[in-house]
Ligand code: C5P
């Protein structure tokens, strides 16, 4: 028998059709990352370097709110630290992610995308990639596309090598350009301080300097990460600290020698380990606990060896709808 309330059309639309309508807005968050190990091979014919890249997602978040528009435009707004350095046109990874979702789904609707920045701009923590990841997840929900994580990772990969990892989250190793991901068993909980430099470094410039300093690149051998993988599996923070590695430190420190001072200071303050995050110039400091992290953050800023510093722990999950 028909239900007189639930089966009566509302404005010509049945309740079941109403359920298919998009929500009024969707907010999604995606994490930044630190590279526990970044090994760089020689430049290939496409102008890229093959990598073995061990990522950990850390609790520094980009947040995107997607709201439908009545026209077909994609309009970005941004707030948060470094917002004025974020380009708002077609080059922005958020716009490019929205266009990629339109192409993949056939949806042509316009959308407002509001970015709340938490990950430092141009800092080597994949803030732009996190924006793209959050956009893919938000539009998947807003447009009710029900694409799987694997499909979103496939759509996100051409946008930037770190986009799939921001969707994936946790601790993982990436091969190739860093986007063929395998989850790693990580039983630890890691407290990080990220020391930010006032001026960013361009990833392309850091790789170009790498080519000058190490023309053939390094031979890529995953067995070099074995000690790291075993320490992660044991949840042995000290063991992880001993096995952190980043081949981009050489070019990045060469281009920004002031970073040595940040590293020395962090070591003097009892850091378990200090290394460059990604292509830099953010310095990642691994510490023993949450109190040590707060002390380290305040002391590094006080000493004037960084512009500001963030505390975060990892691993955290990949991009999700809030
Ligand atoms: O991935 P993303 O667009 O951030 O890379 C910026 C630039 O860094 C690339 O255009 C390339 O010059 C360089 N790069 C590279 N090898 C990689 C990743 C980036 O040479 N694996």
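The values are calculated or read from the model by the stated rules, or taken from the named source; none is laboratory data. All figures in this text were calculated on a predicted structure; none of them were measured in a lab. Using ideal geometry, Cβ is built from the backbone for each residue, glycine included, and neighbour counts are taken over all protein chains shown.
Quick one: residue 156 ticks every box in (1) assigned to a loop (DSSP other than H, G, I, E, B); (2) touching a helix residue (DSSP H, G or I) at 6+ places or on another chain (Cβ under 6 Å); (3) within 16 Å of the ligand (Cβ to nearest atom) except a single one, so which number is it?
Among (1) assigned to a loop (DSSP other than H, G, I, E, B); (2) touching a helix residue (DSSP H, G or I) at 6+ places or on another chain (Cβ under 6 Å); (3) within 16 Å of the ligand (Cβ to nearest atom), the lone unmet condition for residue 156 is (1).
Return the residues of region 260-279 that are under 19 Å from residue 126 (Cα atoms) and more than 16 Å from the ligand (Cβ to nearest atom); say none if nothing qualifies. Break it down stepwise before answering.
Just the residues of region 260-279 that are under 19 Å from residue 126 (Cα atoms), to begin with: 274-279.
If the condition is that a residue be under 19 Å from residue 126 (Cα atoms) and more than 16 Å from the ligand (Cβ to nearest atom), then 274, 275 are the ones that fit.
Return the residues of region 35-60 that are crowded, with 21+ Cβ neighbours inside 10 Å and away from the ligand (no atom under 16 Å from the Cβ); say none if nothing qualifies.
The answer is 36, 56, 57, 58, 60.
Residue under question is residue 70, and the condition is that it be more than 12 Å from the ligand (Cβ to nearest atom), modelled with pLDDT under 95 and either within 21 Å of residue 172 (Cα to Cα) or not in a strand (DSSP E or B) (or both); does it hold? So that I can check it myself, show each step before the final result.
Working: more than 12 Å from the ligand (Cβ to nearest atom): yes; modelled with pLDDT under 95: yes; either within 21 Å of residue 172 (Cα to Cα) or not in a strand (DSSP E or B) (or both): yes.
Spelling it out, residue 70 is indeed more than 12 Å from the ligand (Cβ to nearest atom), modelled with pLDDT under 95 and either within 21 Å of residue 172 (Cα to Cα) or not in a strand (DSSP E or B) (or both).
So, in region 133-153, exactly how many residues are within 16 Å of the ligand (Cβ to nearest atom) and surrounded by fewer than 23 Cβ atoms within 10 Å (Cβ to Cβ)?
Total meeting the criteria: 1.
Of (1) more than 16 Å from the ligand (Cβ to nearest atom); (2) closer than 19 Å to residue 190 by Cβ; (3) in contact with a helix residue (DSSP H, G or I) (Cβ under 9 Å, 6 or more places away or on another chain), residue 235 satisfies all except one. Which?
Residue 235 satisfies all of (1) more than 16 Å from the ligand (Cβ to nearest atom); (2) closer than 19 Å to residue 190 by Cβ; (3) in contact with a helix residue (DSSP H, G or I) (Cβ under 9 Å, 6 or more places away or on another chain) except (3).
Tell me, please, whether a residue that is away from the ligand (no atom under 15 Å from the Cβ), at pLDDT 95 or above and touching a strand residue (DSSP E or B) at 6+ places or on another chain (Cβ under 6 Å) can be found in region 118-132.
no
Applying the selection to region 272-310, what residues are in contact (Cβ under 8 Å) with a residue 12 or more places away in the chain and in a helix (DSSP H, G or I)?
Taking region 272-310 first, the residues in contact (Cβ under 8 Å) with a residue 12 or more places away in the chain are 272-290, 292-297, 299-300, 303, 305-310.
Once the filter is applied, which keeps residues that are in contact (Cβ under 8 Å) with a residue 12 or more places away in the chain and in a helix (DSSP H, G or I), region 272-310 yields 290, 292, 293, 294, 295, 296, 297, 299, 300.
Given the structure, is residue 60 within 20 Å of residue 122 (Cα to Cα), without any contact (Cβ under 8 Å) to a residue 40 or more places away in the chain and in contact with a strand residue (DSSP E or B) (Cβ under 6 Å, 6 or more places away or on another chain)?
Details: within 20 Å of residue 122 (Cα to Cα): yes; without any contact (Cβ under 8 Å) to a residue 40 or more places away in the chain: no; in contact with a strand residue (DSSP E or B) (Cβ under 6 Å, 6 or more places away or on another chain): yes.
Taking the combined requirement at face value, the residue does not satisfy it.
Just to be sure before I move on: is residue 282 buried (at least 21 other Cβ atoms within 10 Å of the Cβ) and over 19 Å from residue 127 (Cβ atoms) in the structure I sent?
On the way: buried (at least 21 other Cβ atoms within 10 Å of the Cβ): yes; over 19 Å from residue 127 (Cβ atoms): no.
No: the conditions fail for residue 282.
Is at least one residue of region 203-214 at pLDDT below 95 and either surrounded by 12 or more Cβ atoms within 10 Å (Cβ to Cβ) or out of contact with any strand residue (DSSP E or B) (no Cβ under 7 Å at 6 or more places or on another chain) (or both)?
Yes, region 203-214 has at least one match.
Of the residues 196, 184, 259, which is in contact with a helix residue (DSSP H, G or I) (Cβ under 9 Å, 6 or more places away or on another chain) and crowded, with 21+ Cβ neighbours inside 10 Å?
Numbers: 196 fails: in contact with a helix residue (DSSP H, G or I) (Cβ under 9 Å, 6 or more places away or on another chain); 184 fails: crowded, with 21+ Cβ neighbours inside 10 Å.
Criteria check complete, one pass: 259.
Within region 73-103, how many residues turn out to be touching a residue at least 12 places away in the same chain (Cβ under 8 Å), closer than 14 Å to residue 135 by Cα and in a helix (DSSP H, G or I)?
Within region 73-103, residues that are touching a residue at least 12 places away in the same chain (Cβ under 8 Å), closer than 14 Å to residue 135 by Cα and in a helix (DSSP H, G or I) number 9.
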